[in-house]
Amino acid sequence: GNSVTQMEGPVTLSEEAFLTINCTYTATGYPSLFWYVQYPGEGLQLLLKATKADDKGSNKGFEATYRKETTSFHLEKGSVQVSDSAVYFCALSDRFGNEKLTFGTGTRLTIIP
Amino acid sequence: KAGVTQTPRYLIKTRGQQVTLSCSPISGHRSVSWYQQTPGQGLQFLFEYFSETQRNKGNFPGRFSGRQFSNSRSEMNVSTLELGDSALYLCASSSGTTYNEQFFGPGTRLTVL
């Protein structure tokens, strides 16, 4: 079955540091890949997505590249801010039109000023 | 455009009772998915409804059921509640025809005593 393995947290960084959160996946076929973010007391928000190999998703300074050869979709940001503190989830859906998302365990990120 | 709304936001029930949660999707969205979020199991897919039909189902017991109405609003029901059903229940809506971009509601926090 499908699975997503995500970097264990929590992660604590200083403001303006470089961020990487690792994500690898197992899926049949050609999944779509996503990063979602959850702020305290809220639901999930889509941060970025990629639907085919070598696609790069980007939003709010965050980036992730769909690497089929390494089955990875690592999240990066060059300079984090305190407002980036949240829980980040990597997810996949295994085919177009399939709304079922398989999530990683989530990585709690805390940015200190 | 209004986002996904879920009611109630908080619920406290006792073991053996049943509960119904409601989700109103974004206007025009025809797909509604439900997820259970717990600290131990993370985010798990319950089921998805599209145009009033269940299109996908996760690995949950039959005590968990759902339905979707003609206006795309959805309800999920849990019968004979167990302590382990305590969780944040998230609803997500999508058009069902794009690259699985799902929009999540704030969730209903269910506590079973």
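Bear in mind these aren't lab numbers, they're just calculated from the coordinates by the rules spelled out. Not measured: the values here are computed from a predicted model. Neighbour counts run over all protein chains shown; Cβ positions are idealised from the backbone, glycine included.
Among the chymotrypsin sites (Phe, Trp or Tyr not before Pro) in the range B:2-80, those located in a DSSP loop and surrounded by at most 13 other Cβ atoms within 10 Å of their own Cβ are B:PHE69. Once the chymotrypsin sites (Phe, Trp or Tyr not before Pro) in DSSP loops with at most 16 neighbouring Cβ atoms within 10 Å are cut out of chain A, the longest remaining piece is A:19-95.
What are the GluC sites (Glu not before Pro) within the range B:12-88 that DSSP puts in a loop, where the Cβ has at most 14 other Cβ atoms within 10 Å?
Values: sites: B:GLU48, B:GLU52, B:GLU75, B:GLU82; in loops: B:GLU52, B:GLU82.
Passing both the DSSP loop test and the Cβ count: B:GLU52, B:GLU82.
Each DSSP beta bridge with both residues in the protein assembly as shown is either parallel or antiparallel, and the antiparallel ones are about 90%.
If you take every DSSP beta bridge fully contained in the range A:35-74, what fraction is antiparallel? Give it as a percent rounded to 5.
On the way: 9 of 9 bridges.
The antiparallel proportion sits near 100 percent.
Taking trypsin sites (Lys or Arg not before Pro) as exposed when their DSSP state is a loop state and no more than 13 other Cβ atoms lie within 10 Å, the longest site-free interval of chain B runs over B:64-113. If R0 equals 30 Å, the separation of the Cβ atoms of A:SER58 and A:VAL11 corresponds to a calculated FRET efficiency of about 0.90. For chain A, which span is the longest to avoid every loop-located (per DSSP) member of GluC sites (Glu not before Pro) having at most 14 other Cβ atoms inside 10 Å? The longest uninterrupted stretch comes out as A:70-113. Taking Cα centroids, how far is the range B:37-104 from the range A:32-110 in Å? Each part's Cα centre sits 21 Å from the other's. The shape of chain B comes out prolate: with a ≥ b ≥ c from the C-alpha gyration tensor, a/c is at least 1.5 and a/b beats b/c. Label positions at A:GLU69 and B:LYS57, each projected 7 Å from the Cα along the C-beta direction, are separated by 4.3 nm.
In terms of its C-alpha gyration tensor, chain A comes out prolate, because a/c is 1.5 or above and the ratio a/b outweighs b/c. Pull out a ≥ b ≥ c, the square roots of the eigenvalues of the alpha-carbon gyration tensor of the protein assembly as shown, then state rounded if a/c is under 1.5, prolate if not and a/b is larger than b/c, and oblate in the remaining case. Here the protein assembly as shown falls in the prolate category.
Lys and Arg at +1, Asp and Glu at -1: add these up for the other residues within a Cβ distance under 15 Å of B:CYS23 and post the number. Mind showing how you got there, number by number?
Working: positive: B:ARG9, B:ARG30, B:ARG67, B:ARG73, B:ARG109; negative: A:GLU99, B:GLU48, B:GLU52, B:GLU75.
Residues close to B:CYS23 contribute a combined charge of +1.
Take the range B:35-100, drop everything but the C-alpha atoms, weight them equally and run the Debye formula without solvent; then report log10 I(q)/I(0) at 0.27, 0.29 Å⁻¹ to two decimals. Results for the range B:35-100 at q = 0.27, 0.29 Å⁻¹ read -1.37, -1.48.
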